[in-house]
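Comments concern the structure below.
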Amino acid sequence: MKKNVGSVLALYPTPLVVVGAMKDGKPTWTLVGHVGILGHDRILVSLAANHFINGAIREGGKLSVNLVDRAILPEADYVGSVSGAKEDKSTVFEYETGEAGTPVIQKSPLAMECTVVDIYNTQGFENFICTISSTLVEEDCLNEAGKIDYGSLKPVLFEFPTYEYLETGEVLGKCLSFKEQK
């Protein structure tokens with residue numbers, strides 16, 4: 001028997017990412033646990049409305065989404081714990097400027113450069129709807145067919161409301177390969 005636990009957002013865990021944007025010629029970063037897919041050509045990055053980086057994203061119309069793995073987790077956690085309005089976070093990560101002009105974390109195994117096409121406001125949040133300009137992946141995280149291999153990439157996942165970090169686990173099977181249950 002299921003118990004009603006109320007109106008709880010229960011779609012966790014989600015990939016943990018660091019979002020980057022340029023502000024006054026320097027990158028600024030923040031940790032984000034609320035990202036999503038909107039069809040095959042859009043993603044959503046949801047940020048609390050009071051985040052410093054939001055102004056940089058609105059101003060430049062671009063952002064990078066850098067997937068967090070275990071190697072960059074300490075720095076990622078740090079940029080989520082301090083405000084860019086109070087502290088310059090531009091030197092936390094070594095970065096390069098991608099073709100679309102966004103800051104891309106060099107040690108992130110996967111980064112997407114995105115263009116903001118719409119902003120959807122909800123109570124206390126700005127939700128940036130983005131198209132993907134380019135996806136950059138470390139070669140050792142690609143399989144022999146050139147597709148992303150999340151088993152070797154091992155993204156960190158974010159679980160809310162416990163605020164815990166998890167790591168991806170074992171493969172259970174191929175999608176749409178299970179026989180009909182009787």
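What value, in deg cm²/dmol to 500, does the helix sum -39500 (n - 2.57) over DSSP H runs of n ≥ 4 give at 222 nm once divided by the residues of the chain?
Dividing the helical sum by the residues of the chain leaves -2500 deg cm²/dmol.
Probe radius 1.4 Å, ligands and nucleic acids ignored: give me the carbon and sulfur share of the accessible area of the chain as a rounded percent.
That share works out to 53 percent.
Taking the Cα centre of the chain as origin and charging only Cβ (+1 Lys, Arg; -1 Asp, Glu), how large is the dipole, in debye to the nearest 20?
Magnitude of the dipole: close to 740 debye.
Can you tell me which of GLU164, GLU94, GLU59 moves the most in a GNM of the chain? Springs connect C-alpha atoms under 10 Å apart.
It is GLU164.
Mind giving me the nanometre distance, one decimal, between the label points for ASN143 and THR14, set 7 Å out from Cα along Cα→Cβ?
Placing both labels 7 Å along Cα→Cβ, they lie 2.7 nm apart.
Between TYR163, TYR95, TYR12, which gets the highest mean-square fluctuation from a Gaussian network model of the chain, Cα cutoff 10 Å?
Evaluated over the chain, the most mobile residue of the options is TYR163.
Before anything else, pin down the relative contact order of region 6-118: Cα pairs under 8 Å, at least 6 apart, normalised by residue count, whole percent.
Relative CO of region 6-118 lands at 30 percent.
Give the long-range amide H neighbours of LYS62: residues separated by 5 or more places, or on another chain, with amide H under 5 Å away, using H modelled in the peptide plane at 1.01 Å from N.
When sequence neighbours closer than 5 places are left aside, the close amide H contacts are VAL116.
List the pairs from LYS86/LYS154; LYS62/LYS89; LYS2/LYS154; LYS26/LYS154 whose alpha-carbon separation is above 25 Å, in the order I gave them. Before the final figure, lay out the partial values.
Working: LYS86/LYS154 32 Å; LYS62/LYS89 18 Å; LYS2/LYS154 32 Å; LYS26/LYS154 29 Å.
Distance filter (> 25 Å) returns LYS86/LYS154; LYS2/LYS154; LYS26/LYS154.
Charges at C-beta only: +1 for Lys and Arg, -1 for Asp and Glu. How large is the resulting dipole of region 54-156 about its Cα centre, in Debye rounded to 20?
So the magnitude is around 300 debye.
Between LEU172 and LEU44, how many nm apart are label points set 7 Å from Cα along the C-beta direction?
2.3
Place a +1 charge on the Cβ of each Lys and Arg in region 34-91 and a -1 charge on the Cβ of each Asp and Glu, then give the dipole magnitude about the Cα centre in debye, rounded to the nearest 20. Spell out each step's value before the answer.
On the way: 6 positive and 7 negative charges, 32 e Å.
Dipole of region 34-91, to the nearest 20 debye: 160 debye.
Below 8 Å, C-alpha to C-alpha, sequence gap of six or more: please give me the relative contact order for region 46-182 in percent.
It comes to 23 percent, rounded to a whole number.
What Kirkwood radius, in Å to one decimal, follows from the Cα pairs of region 83-173? Walk me through the numbers before you get to the answer.
Values: mean 1/r = 0.0621 Å⁻¹.
Evaluated over region 83-173, this radius sits at 16.1 Å.
Roughly how many Å² is the accessible area per residue of the chain, as a whole number, for a 1.4 Å probe?
64
Can you compute 3J(HN,Hα) from phi for each residue in region 114-131, using the Karplus curve 6.51 cos²θ - 1.76 cosθ + 1.60 with θ = phi - 60°, rounded to whole Hz and x for Gly and Pro?
10, 10, 6, 10, 6, 10, 10, 8, 10, 4, x, 9, 10, 10, 8, 9, 10, 9
The values are calculated or read from the model by the stated rules, or taken from the named source; none is laboratory data. What you see is a predicted model; the values in this text were computed from it and never measured. As a convention, Cβ positions derive from the backbone with ideal geometry for all residues, glycine included, and neighbour counts pool all protein chains shown. Remember, those area values only see protein heavy atoms, side chains included, never the ligands or the DNA or RNA. Shrake-Rupley method; radii C 1.70, N 1.55, O 1.52, S 1.80 Å.
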